[in-house]
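The values are calculated or read from the model by the stated rules, or taken from the named source; none is laboratory data. Model, not experiment: these values are computed from the prediction. Cβ sites come from the backbone with ideal geometry, for glycine too, and all protein chains shown count toward neighbours.
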Amino acid sequence: MSKAALHTLGCRLNQAETEIIAKRLQNSGYHIVEWGQAADLTVINTCTVTEQADAKCRQAIRLSLRRNPATKVAVIGCYAQMDVEALRKIDGVSLIIGNEHKLQITDFLDNLDVGQNPVVVHTSKISRDEFIIDAIGLYDTQTRANLKIQDGCNFVCSFCIIAAARGPARSRNFEDVLDEARQLIALGFREIVLTGVNIGTYANNGRDFAALLKSLAILPGLHRLRISSIEPTTVTHELIDIIAGFPTICRHLHIPLQSGNDGILEKMRRKHTIREFRETVEYASLNIPGIGIGTDVLVGFPGESEEAFADTRKFLADLPIAFYHVFCYSDRKGTASYKLKPKIDPQEKKRRNHIMTDQGRRQKRRFQLGWLEQKVDVLFEQEEQGWWNGFTDNYLRVRIRAAGNLKNQIHTVKITGITDEELSGELL
Ligand code: SF4
């Protein structure tokens, strides 16, 4: 039996897609082996969010060819969409597929040469149509499954290449999403994570993200439904009320802010102002008790003065945000911000990143402290050296000492302590 190894770079949506591709390969007779093991076919699902991401993809391709010169390497996804020519230059690549056709990879595997003139499947325009995915993902854990509901983005923020790499916003057929969710529940997954590029813009035959959420939340057997990153302007009061009203929907929102200064937000071509963002976060924290809110912060955007950076710090410090993802701005050819000036010195970007990450740590600690001596429900995922760990619905990582197998079980835990990244507690 032919073997296939898969590797994902980038976001949760890429992971979801790799899982679907793995299942399709398995259905076509491939045995899926771990990345790093010898395989007849190696699939690398790439990311192009920054130039460093491109470099990481090239490294992964070269590493794979060095380890296993006889493997056929298929490079698919965002980097393949944006730079076919760079990939053609890497000796040994057999197949390059852009974003439009990557899920159909099994249609292109016949008659591939090992590293001779790669077959290229690429369309520069990506369709706007609704889509159906007639497979469910192959997951190596039986705990949490990513469910792709949407792709592409029409917002076109000035620093972001994703709208170009993934094309216009389009949504998965409503019934198709419900079908996959039912199958995932039947397979024993306790948690389903809704993924896409801009999931709050979901729209299919007159049904929006709120309608989808309500239909999914009542599926029999579903324990947890988690919303992945969602754009601030799409987090409506209606959506917050729905989250508050269904116990299956996790009390967790990741809402990217990027900057706490309206001038910078405008240059970023973000769709929200800081006032609107504050209002959304305050409404969510008031109406969903215990909610864990996360955000993305982009430091060192062109023209971000020390004052503008201080605005972001102050703005976030005042808000009930528990989790920060901090990124340094980096220039990306093809984006509008590439041409914006003045650029911020790399050392200064690092300094701002450091300061912001530190502030994020403190805010996370503040959120964690509020859970000491409280009872929480934890979905346990894995065991390491006698410690079982997992997540609460509001995205607190918790570990406990326990004998026996807790994998994929939800148990109530009393929180008794805090370490850097996680809470510790006792099984009740
Ligand atoms: S909302 Fe902005 S940052 Fe997010 S994917 Fe769309 S263009 Fe990129």
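Cβ separations smaller than 9 Å between residues 6+ apart or across chains give the following pairs from the stretch 324-344 residues that are under 15 Å from M82 (Cβ atoms) and among the basic types (K, R) to residues that are surrounded by fewer than 18 Cβ atoms within 10 Å (Cβ to Cβ) and modelled with pLDDT of 95 or more: R332/Y338.
Within the stretch 254-266, the residues that satisfy the criterion of being within 15 Å of the ligand (Cβ to nearest atom) and either surrounded by 21 or more Cβ atoms within 10 Å (Cβ to Cβ) or polar (S, T, N, Q) (or both) are I255, L257, Q258, S259, I264, L265. Counting only residues that are in a helix (DSSP H, G or I) and either on the phi > 0 side of the Ramachandran plot or among the small types (G, A, S) (or both), the stretch 168-197 holds 2 of them. Against the definition (at pLDDT 95 or above and surrounded by 17 or more Cβ atoms within 10 Å (Cβ to Cβ)), how does Q374 come out, yes or no? It is false that Q374 is at pLDDT 95 or above and surrounded by 17 or more Cβ atoms within 10 Å (Cβ to Cβ). Only residues that are more than 13 Å from the ligand (Cβ to nearest atom) and closer than 22 Å to N408 by Cα were counted across the stretch 180-215, and they come to 15. Tally the residues that are out of contact with any Asp or Glu (no Cβ under 7 Å at 6 or more places or on another chain) and surrounded by fewer than 16 Cβ atoms within 10 Å (Cβ to Cβ), restricting the search to the stretch 324-338. Within the stretch 324-338, residues that are out of contact with any Asp or Glu (no Cβ under 7 Å at 6 or more places or on another chain) and surrounded by fewer than 16 Cβ atoms within 10 Å (Cβ to Cβ) number 4. With respect to the conditions (1) in the same structural domain as G260 (by TED's automatic domain parsing); (2) part of a strand (DSSP E or B); (3) more than 20 Å from L253 (Cβ to Cβ), V326 lacks only one, and its number is (3).
Taken over the stretch 146-157, the criterion of being out of contact with any Phe, Trp or Tyr (no Cβ under 9 Å at 6 or more places or on another chain) and within 11 Å of the ligand (Cβ to nearest atom) is satisfied by G152, C153, N154, F155, V156, C157.
Table: residues versus (1) closer than 24 Å to S285 by Cα; (2) in the same structural domain as I293 (by TED's automatic domain parsing); (3) assigned to a loop (DSSP other than H, G, I, E, B).
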{"position": "N389", "(1), (2), (3)": "no, no, no"}
{"position": "I400", "(1), (2), (3)": "no, no, no"}
{"position": "A403", "(1), (2), (3)": "no, no, yes"}
{"position": "K407", "(1), (2), (3)": "no, no, yes"}
{"position": "I415", "(1), (2), (3)": "yes, no, no"}
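With the requirement that a residue be away from the ligand (no atom under 16 Å from the Cβ) and under 21 Å from the mean Cα position of the chain (by Cα), what does the stretch 237-253 give you? Those that are away from the ligand (no atom under 16 Å from the Cβ) and under 21 Å from the mean Cα position of the chain (by Cα): L239, I240, I243, T248, I249, C250, R251, H252.
Applying the criterion of at least 2 residues that are more than 21 Å from G98 (Cα to Cα) and of a type in the set (V, I, T) to the strands (runs of 3 or more DSSP E) found wholly in the stretch 13-77 leaves 31-33. When the stretch 199-246 is filtered for residues that are part of a strand (DSSP E or B) and buried (at least 19 other Cβ atoms within 10 Å of the Cβ), the ones remaining, listed by number, are N204, R224, L225, R226, I227. For the stretch 354-367, check the following and say yes or no: at least one residue is over 28 Å from L316 (Cα atoms) and exposed (fewer than 14 other Cβ atoms within 10 Å of the Cβ). No.
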